[in-house]
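Laboratory data are not the source of any read-out in this text; all were calculated from the coordinates shown. Bear in mind the structure is a predicted one, so any value in this text is a computation, not a measurement. Backbone-built Cβ (ideal geometry, glycine too); neighbour counts: all protein chains shown.
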Amino acid sequence: MITFDLTLGRLRPWREGDEDSLTHHASNRRIWNNVRDFFPYPYTPRDAHSWVRSNKSYQQPNNLAVEVDGQAVGNIGFTVKDDIYRYNAEIGYWLSEEYWGRGIMTEAVPIMTDYIFSNFQVNRIFACVLEGNIGSMRVLESAGYRHEAIHKKAAVKNNQYLDEHVFAILRAERG
Ligand SMILES: CC(C)(COP(=O)(O)OP(=O)(O)OC[C@H]1O[C@@H](n2cnc3c(N)ncnc32)[C@H](O)[C@@H]1OP(=O)(O)O)[C@@H](O)C(=O)NCCC(=O)NCCS
């Protein structure tokens, strides 16, 4: 089983039994405000069941649970793009508000970045951050991602157009 130790916990595959904790920690408007709309709000037990069902028991999972105090309190994962973008992976993550500001994602993003480059045919990893999400931008900068672009008013959230900041790192830059 793939696991990576963190100072305050670990990254490990999603598994049955995570549903209650996932529902509790993911159902938060302040998380939802910074992620895509397909992330549910409110986050129901049904959402948690379908997430765990579709993410458990892969040999090389695309999504890993962030476990702190024995509970799944966040996710970090990626999707590989297709066609002429097939060597690109988009990384994404969220963490329970109860654990914000303790350096957990600063530790998790470099681990996930190395995991992707080591195990998948990916040459570039990128992340899209909505304007104002300073914490996420800092996490990416600390992990060596470059601030590549600002897509002006590319996203809509809460009926407001928002800038999208693109951060990226190439395999050759990861050293
Ligand atoms: C973004 C998020 C993952 C950050 O995780 P975290 O574990 O709290 O981040 P860290 O504790 O590692 O902090 C990273 C840096 O950002 C800073 N930071 C964290 N939250 C901040 C905030 N709200 N405002 C300003 N700075 C912030 C920290 O001080 C730290 O700075 P440093 O590198 O200079 O020391 C978390 O806040 C979250 O889940 N937010 C909602 C979902 C989300 O935004 N997902 C990412 C979408 S792109």
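Being surrounded by 17 or more Cβ atoms within 10 Å (Cβ to Cβ), acidic (Asp, Glu) and either part of a loop (DSSP other than H, G, I, E, B) or in contact (Cβ under 8 Å) with a residue 12 or more places away in the chain (or both) narrows it down to one of 16, 67, 98, so name that one. From the options 16, 67, 98, the qualifying one is 67.
Selection within segment 129-151: residues that are in a helix (DSSP H, G or I) and farther than 26 Å from residue 2 by Cα. The member of this set that is farthest from the ligand (Cβ to nearest atom) is 137. In segment 19-38, of all residues being under 14 Å from residue 96 (Cα atoms) and assigned to a loop (DSSP other than H, G, I, E, B), the one that is farthest from the ligand (Cβ to nearest atom) corresponds to 27. The number of residues in segment 37-59 being charged (D, E, K, R), touching a residue at least 40 places away in the same chain (Cβ under 8 Å) and more than 20 Å from residue 12 (Cβ to Cβ) comes to 1.
Taken over segment 106-134, the residue count meeting the criterion of being over 21 Å from residue 60 (Cβ atoms) and in contact with a helix residue (DSSP H, G or I) (Cβ under 8 Å, 6 or more places away or on another chain) is 2. The set of residues from segment 102-128 being free of Cβ contacts under 8 Å to residues at least 60 places away in the same chain and either basic (Lys, Arg) or within 7 Å of the ligand (Cβ to nearest atom) (or both) comprises 105, 106, 124, 127, 128.
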